[in-house]
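Undergrad: This is the structure I want to talk about, given as structure tokens.
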There are 2 protein chains.
Amino acid sequence: MNRKICVCLEFLTEAHCAKIQETAKKCGFSVHFFSPEQAEAAKAFLPECEVLYGHSIELLRAAPVTLKWYCCSWAGVDPYCKNDGTFANPDCLLTNSAGAYGVTIAEHLIMVTLMLLRRMPEYEQVVLNHDWSNQLPVRSIRGSSITVLGAGNLGTTFAERAKAMGAAHIIGISHSGKAREAVYDEMYSTSRLDEILPRTQILVMALPGTPDTIHMMTKERIALLPHDAILVNVGRGTALDQDALMDALNAGRLAGAALDVMVPEPLPKDHPLWNTKNLVLTPHVAGNMTLGYTCDLNVAMFCEDLENYAAGRPMRHLVNRTRGY
Amino acid sequence: MNRKICVCLEFLTEAHCAKIQETAKKCGFSVHFFSPEQAEAAKAFLPECEVLYGHSIELLRAAPVTLKWYCCSWAGVDPYCKNDGTFANPDCLLTNSAGAYGVTIAEHLIMVTLMLLRRMPEYEQVVLNHDWSNQLPVRSIRGSSITVLGAGNLGTTFAERAKAMGAAHIIGISHSGKAREAVYDEMYSTSRLDEILPRTQILVMALPGTPDTIHMMTKERIALLPHDAILVNVGRGTALDQDALMDALNAGRLAGAALDVMVPEPLPKDHPLWNTKNLVLTPHVAGNMTLGYTCDLNVAMFCEDLENYAAGRPMRHLVNRTRGY
């Protein structure tokens, strides 16, 4: 049993470790666990390892050509798809953990969408002033027209919840435009985006960070949204023209927005985004790893693909390093 | 056609008026519309009326013994069930419009529940300080144990959405304890409340304001909730011991609460509730009438019961004035 796995994660419980150990043993591997504080020890151990499960690009860069599979515990793997020598082994397999984040990100999306539709930024101001005012016009997910830009696991898990809450019409947009999930009333490729934006009331962006998605929501496309539309982004901050979004919000050409991702992160103290009108900001927390279910699923997905890897079967969460997702 | 209806509401569109007119005509009534600003004119007209559709107790008090049916456009009719001479005609029928508020209140409930589970009060403080901190432990509706105290239309519409989001177990509690909706995994009468609170993670209170529900959540019952539980109240502020709730929140004996109803309303500027820890306050907006769907349904429900009334059939939204709902 000289095939070795290096695991360097902060969220593992004893049960998680036991599950990984058990799966590894079955597959003929031994596992060594490191906390992120033990990164130096992990680095020293990497030359013996065939597999690395973690989320540190620095650690990955320390791995020699003998590393054959890197499982990233995060959903977005754009930092690993830059062909910049991060992988010593050009054929190293890369898997991500996008599927683990569907529930937590979908709940974040439902929450901020309702906060915008129900005017919570304004009501919170009322409450902050100890005032009493309750006649702001609110709106509903029920009966709404939603476009999910980036109809992968995250977007689709949100769409399922929006449908259950009575959304009238949900359009999915993906790179290929292939309909994978019944929850979408219509499904298009990104080339059709300009036609769809004018009939969108709620735009949910859950795009991966790839060269194709950078500034996909340009100033011109933001202007195609109806003035009473709202925009929510949980994918990557680079996917939209942030300055154009700020202008549209401050000028009232868009009813509201919620950003969990932005450029840059962390956002500097004096950045104008902090004070943009009708904007719900969160510091990249939608996919928070502290949700137990997310952690459980993350580990389960790694174990599933470890069995696939050991058996020489196709890996379920494999990322195309050129495409970026 | 000397049977007359007085309508005194602020939210009616032309389409709503046309629908009421048409139904009234079919049933042999004529309708006179007044805005709340025209309340004096409405009062002068009331002696000719058999039916009043509105939400002003002052207006109702001006109606003589000839008024046979008062349709209240609000969900809660506790001010009308006090046997204090509000109705000149002791046999005057009272209907409410609770069913119209299910969707808007359920969306409010989902929103504030997620805000509490996902630590939004704390993250909003982080954002207010232009800080960047993203490791607060969040929780999920998925897999949670929910108790709906007041399993009527409002509570059940919420329960349906929570179920669709993966709630593990939903207990309904109503006066009778009769299971009306399949969404509940268990259904009990209020007498079983003490057994159920210790196994509740999310307590949603959607009780009508009746003598039975006053301070139903006593200090002792609040103490029965697990320390990581959250409590949400959209029914009536009187249904809980507000001082005990404030103490529990400030002492950290409860993870969080969201109140859309409180005592008194409006809340005075210097009330300690404004500054209670982990509390999401909203100024009685969950059932906001400005949601188009709520208004549409309100009018549809009145028209449905107008047909029932005219035909001598049982009315669907009739309130038992002794019971209070």
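The values are calculated or read from the model by the stated rules, or taken from the named source; none is laboratory data. Since we're looking at a predicted model, the values are computed, not measured. Cβ placement follows ideal geometry from the backbone for every residue including glycine, while neighbour counts extend to all protein chains displayed.
To keep it simple, each residue is scored yes or no on (1) basic (K, R); (2) in the same structural domain as A:I105 (by TED's automatic domain parsing); (3) out of contact with any strand residue (DSSP E or B) (no Cβ under 8 Å at 6 or more places or on another chain); (4) at pLDDT below 95.
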site: A:A179; (1), (2), (3), (4): no, yes, no, yes
site: A:T200; (1), (2), (3), (4): no, yes, no, no
site: A:V204; (1), (2), (3), (4): no, yes, no, no
site: A:P208; (1), (2), (3), (4): no, yes, yes, yes
site: A:A239; (1), (2), (3), (4): no, yes, no, no
site: A:G256; (1), (2), (3), (4): no, yes, no, no
site: A:D260; (1), (2), (3), (4): no, yes, no, no
site: A:K269; (1), (2), (3), (4): yes, yes, yes, no
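Undergrad: Among the candidates A:L259, A:L297, single out the residue that is farther than 16 Å from A:R236 by Cα, buried (at least 18 other Cβ atoms within 10 Å of the Cβ) and within 22 Å of the chain's Cα centre (by Cα).
TA: A:L297
Undergrad: Can you pull out every residue in segment B:187-244 that is out of contact with any His (no Cβ under 8 Å at 6 or more places or on another chain) and of a type in the set (D, E, K, R)?
TA: Result: B:R192, B:D194, B:E195, B:R199, B:K219, B:E220, B:R221, B:D228, B:R236, B:D243.
Undergrad: Of the conditions (1) within 27 Å of the chain's Cα centre (by Cα); (2) in contact (Cβ under 8 Å) with a residue 24 or more places away in the chain, B:E58 fails just one. Which one is it?
TA: The one condition B:E58 does not meet is (2).
Undergrad: Mind counting the residues in segment B:225-252 that are in a loop (DSSP other than H, G, I, E, B) and closer than 15 Å to B:M205 by Cβ?
TA: 6
Undergrad: Working carefully through the options B:Y80, B:Y70, find the one that is at pLDDT 95 or above and under 21 Å from the mean Cα position of the chain (by Cα).
TA: Step by step, each of B:Y80, B:Y70 is checked, and only B:Y70 is at pLDDT 95 or above and under 21 Å from the mean Cα position of the chain (by Cα).
Undergrad: Buried (at least 19 other Cβ atoms within 10 Å of the Cβ) and within 14 Å of another protein chain (Cβ to nearest Cβ): is that true of B:V112 in this structure?
TA: Spelling it out, B:V112 is indeed buried (at least 19 other Cβ atoms within 10 Å of the Cβ) and within 14 Å of another protein chain (Cβ to nearest Cβ).
Undergrad: Still on this model: Taking segment A:214-231 as the search range and keeping residues that are over 19 Å from A:T113 (Cα atoms) and of a type in the set (A, V, I, L, M), which one is modelled with the lowest pLDDT?
TA: A:I214
Undergrad: State the number of residues belonging to segment A:82-109 that are hydrophobic (A, V, I, L, M, F, W, C) and surrounded by 22 or more Cβ atoms within 10 Å (Cβ to Cβ).
TA: The qualifying residues number 6.
Undergrad: Let me ask you something else. With (1) more than 14 Å from chain A (Cβ to nearest Cβ); (2) in contact (Cβ under 8 Å) with a residue 12 or more places away in the chain as the list, and B:D84 as the residue in question, which single condition is left unmet?
TA: (2)
For (1) part of a helix (DSSP H, G or I); (2) more than 13 Å from every other protein chain (Cβ to nearest Cβ); (3) on the phi > 0 side of the Ramachandran plot, each residue gets a yes or a no:
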site: B:E122; (1), (2), (3): yes, no, no
site: B:V126; (1), (2), (3): yes, no, no
site: B:G143; (1), (2), (3): no, no, yes
site: B:V148; (1), (2), (3): no, yes, no
site: B:G155; (1), (2), (3): yes, yes, no
site: B:V183; (1), (2), (3): no, no, no
site: B:I196; (1), (2), (3): yes, yes, no
site: B:A223; (1), (2), (3): yes, yes, no
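Undergrad: Then there's this: Please enumerate the residues belonging to segment B:70-81 that are part of a loop (DSSP other than H, G, I, E, B) and not β-branched (V, I, T).
TA: B:S73, B:W74, B:A75, B:G76, B:C81
Table: residues versus (1) more than 14 Å from A:L254 (Cα to Cα); (2) touching a Lys or Arg at 6+ places or on another chain (Cβ under 8 Å).
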{"site": "A:D185", "(1), (2)": "yes, no"}
{"site": "A:R199", "(1), (2)": "no, no"}
{"site": "A:L207", "(1), (2)": "yes, yes"}
{"site": "A:V234", "(1), (2)": "yes, no"}
{"site": "A:Q242", "(1), (2)": "no, no"}
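Undergrad: Okay, moving on. Considering every residue within segment A:82-98, establish whether at least one is among the small types (G, A, S) and in a helix (DSSP H, G or I).
TA: yes
Undergrad: Is there a residue being surrounded by fewer than 22 Cβ atoms within 10 Å (Cβ to Cβ), under 20 Å from B:A258 (Cα atoms) and among the hydrophobic types (A, V, I, L, M, F, W, C) anywhere in segment A:137-150?
TA: No, there is no match, as no residue in segment A:137-150 is surrounded by fewer than 22 Cβ atoms within 10 Å (Cβ to Cβ), under 20 Å from B:A258 (Cα atoms) and among the hydrophobic types (A, V, I, L, M, F, W, C).
Undergrad: Let me ask something else. Does segment B:175-190 contain any residue that is among the β-branched types (V, I, T) and over 30 Å from A:T156 (Cβ atoms)?
TA: For segment B:175-190, residues among the β-branched types (V, I, T) and over 30 Å from A:T156 (Cβ atoms): present.
Undergrad: Separate question: So which residues in segment A:161-177 are within 14 Å of another protein chain (Cβ to nearest Cβ), touching a residue at least 12 places away in the same chain (Cβ under 8 Å), outside any loop (DSSP other than H, G, I, E, B) and surrounded by fewer than 20 Cβ atoms within 10 Å (Cβ to Cβ)?
TA: Scanning segment A:161-177 gives a single hit, A:K163.
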